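See below for the structure under consideration.
The values are calculated or read from the model by the stated rules, or taken from the named source; none is laboratory data. None of the values given here were measured: they were computed from a predicted structure. Note that we place each Cβ from the backbone using ideal geometry, even for glycine, and neighbour counts take in every protein chain shown. To get the accessible areas, we keep the full protein, side chains included, count just its heavy atoms, and leave off ligands, DNA and RNA. Shrake-Rupley method; radii C 1.70, N 1.55, O 1.52, S 1.80 Å.
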Amino acid sequence: MIDASKEKKNKLIDGICKTFFLAMAILSSSFIVILVLFIFMKGISPFLPGYEFGQVNIIDFLFGTTYRQDQGIYGVGFIVINTLISAFASLLLSFPISVLCALFIVKIAPKKLSVLMKSVVELLASVPSIVYGVFASGLIVIFVKWLASIFGITTAGGSSLLAVIILLAIMIFPTITSMSITAIQAVDKDLENASLALGATRTQTNFKVVLTSAKSGIFAGAILGIGRAFGEATAVSMVAGNKLFGPTFDLFDITRTLTSTMLAGLKETSGLDYDIRFSVGIVLLFVIFFSNWLLNSLKNRIGKNS
Amino acid sequence: MDTCFNVTDLNLYYGEKQALKNINIDLYKNKVTAFIGPSGCGKSTFLRCLNRMNDLIEGCKIEGNILKDGINIYETKTDVVELRTKVGMVFQKPNPFPMSIYENIVYGPKCHGLKNKAELNKIVEKSLKQAALWDEVHDRLHESALGLSGGQQQRLCIARAIAMQPEVILMDEPTSALDPIATSKIEELIETLKNDYTIIIVTHSMQQASRVSDYTAFFLLGDIIEYDKTSVIFQNPKDKRTEDYITGRFG
């Protein structure tokens with residue numbers, strides 16, 4: 001016989017748990033709402049009439065090619081271009097290396113080496129960005145300086161667009177690699193066997209079947225990677241040089257990204273120069289959303305067969 | 001009768017465990033030979049010896065000879081890639097590549113350096129016709145192969161194997177993942193294919209073996225217990241164990 005009181009009690013516990021989980025879900029999702037709302041409210045205020053430190057023209061802000069706090073000129077147009085250049089260039093540099101490395105780890109390396117390399121990649125992913133930053137400002141800049149001197153170019157102590165690109169490429173490498181490893185491991189062994197049974201070589205199989213079957217997961221890794229490249233502030237600020245105007249197309253010239261703009265001197269400033277960083281934050285959010293949308297639609301297009 | 005494979009004293013070990021024991025068998029050209037037996041009896045393992053797919057399994061050791069056209073395929077100088085172009089394979093689960101139907105068929109020829117578009121088109125049409133799939137897919141060759149039904153996918157895999165113009169097609173339980181209608185289509189196909197190819201099929205279904213094959217080998221615990229014409233095996237088996245198996249007393 002079913003105990004009626006026990007059944008009632010169970011129902012009550014279920015109800016309490018349900019409510020509790022719901023509360024947690026609302027709490028965590030409200031963080032993102034609060035964050036976006038706060039950034040937007042703060043970031044939009046400089047463009048509204050009656051702004052206490054003098055209204056900023058939104059067109060000048062979005063399309064401007066000079067950013068000088070000392071003269072009160074805030075134009076982020078060139079910074080957006082700089083950010084896109086450094087992020088996509090680092091992806092271009094890192095992507096083939098990461099994918100081939102993942103392929104090696106999963107398909108080619110002997111078991112022991114594969115396990116070792118996998119943990120190295122995981123370790124790289126957990127290195128804090130400030131550590132990458134000191135590494136970049138200690139070593140990458142020296143390399144860039146040396147490289148520039150071969151071409152007879154003088155750099156700002158090595159701080160340059162190239163240094164940012166190399167730094168970001170290193171930083172996003174573990175992200176793309178570990179996603180690619182997962183994607184390649186998930187490829188059905190049957191497909192590989194089918195290819196080998198058709199008389200394809202190992203290399204042909206790896207490139208034509210394994211990588212093409214894993215492409216959607218590999219692409220997801222690229223999207224995560226470029227997200228990190230866009231968002232990285234600390235390390236980038238240490239080697240960017242924060243140029244006052246632009247955009248920067250010269251690899252050996254200093255540059256300025258949206259994140260380095262937001263970060264540089266944040267603690268020592270107030271008024272418009274402080275508030276405008278929230279506006280730059282909004283721009284950064286839009287750049288990331290747009291790039292994600294672009295890469296996602298590209299991913300869906302190339303991945304439609306798998 | 002011409003033989004396709006002559007196997008003598010074949011032993012196969014997975015690590016310490018012996019999976020095939022002293023196999024001796026001649027497989028005939030342009031016939032359908034079925035391997036039957038309970039799970040784990042070594043019939044699939046033996047099938048994979050014939051195109052050296054066992055090479056891919058770690059810890060797999062093989063002794064003995066498998067002669068194909070008089071040459072031992074386990075000699076060190078044998079080109080495995082070339083062997084596999086002559087000995088094609090169809091797997092248990094349909095495994096088309098995540099590409100278009102067309103790309104699936106031309107994959108093998110392309111891997112071997114064929115680039116001529118007209119020739120590739122010819123191969124696609126011929127292979128799909130031989131695999132009895134052309135009428136169903138000729139108007140959507142460039143759509144994903146994954147959109148096909150299970151039975152169509154398996155016929156595509158057969159077409160993909162045919163595209164290499166092999167001498168032998170190995171089939172590892174090709175219908176075990178398919179419904180009865182798709183199964184009967186594949187069986188009809190095997191019937192027509194044997195004019196051009198030697199077919200060796202592993203099957204769990206004794207009805208299938210008796211329907212499609214000319215010769216049947218009964219495997220048990222890594223041994224070939226009996227090998228004869230299919231009619232003899234099913235109507236007049238010499239060994240008690242064969243009789244017990246085909247009458248369903250175990251397996």
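Quick look at the values:
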item: 5 angstrom amide H check on B:G64, placed H, neighbours 5+ away; result: B:N11
item: Number of partner chain Cβ atoms within 10 Å, mean per residue of B:90-98; result: 5
item: GluC sites (Glu not before Pro) within the range B:1-82, DSSP loop, no more than 15 other Cβ atoms inside 10 Å; result: B:E16, B:E58, B:E75
item: Where Rh is the Kirkwood radius over Cα pairs, Rg/Rh for the range A:80-142; result: 1.07
item: Computed lengthening from A:S119 to A:S149, 0.36 nm per intervening residue step minus Cα-Cα distance; result: 7.1 nm
item: Fraction of antiparallel bridges per DSSP, the protein assembly as shown only, in percent to nearest 5; result: 60 percent
item: By average C-beta atoms within 10 angstrom, highest first, the peptides B:93-99, A:37-43; result: B:93-99, A:37-43
item: Per-residue mean of C-beta atoms belonging to partner chains within 10 Å, peptide B:107-117; result: 3
item: Inter-chain shielding of B:75-84 (mean C-beta neighbours from other protein chains, 10 Å cut-off); result: 2
item: Rel. contact order, % - alpha carbon contacts under 8 angstrom, at least six apart, chain B; result: 27 percent
item: Shape of the range A:1-147, Cα gyration tensor, a/c cut at 1.5; result: oblate
item: Angle in degrees between helix B:150-162 and the longest Cα principal axis of chain B, rounded to the nearest 10; result: 90 degrees
item: Ellipsoid equivalent to the range A:4-47 - semi-axes via the Cα gyration tensor, in Å; result: 42, 6, 4
item: Within straight-line cross-link reach of A:K243, lysines at Cα separation under 23 Å, skipping those fewer than 8 residues along the same chain; result: A:K145, A:K267
item: All lysines inside 25 Å of B:K238 as judged from Cα atoms, apart from same-chain residues fewer than 8 positions distant; result: B:K21, B:K29, B:K31, B:K43, B:K229
item: Interface B:A - total buried accessible surface [probe 1.4 Å, Å², rounded to 100]; result: 1900 Å²
item: Global geometry of chain A, whether rounded, prolate or oblate, following the gyration tensor of its Cα atoms and the 1.5 cut on a/c; result: oblate
item: For chain B, calculated [θ]222 nm from helices alone, where every DSSP H run of n ≥ 4 adds -39500 (n - 2.57); result: -10000 deg cm²/dmol
item: Cα→Cβ-extended label distance, 7 Å offset, between A:W293 and B:N236, nm; result: 7.9 nm
item: Of the trypsin sites (Lys or Arg not before Pro) in the range A:245-306, those whose Cβ has at most 14 other Cβ within 10 Å and which sit in DSSP loop; result: A:K304
item: Lysines whose Cα lies under 21 Å from that of A:K215, excluding same-chain neighbours fewer than 8 positions away; result: A:K107, A:K118, A:K189, A:K299, A:K304, B:K110
item: Kirkwood Rh and Cα Rg combined as Rg/Rh, the protein assembly as shown; result: 1.14
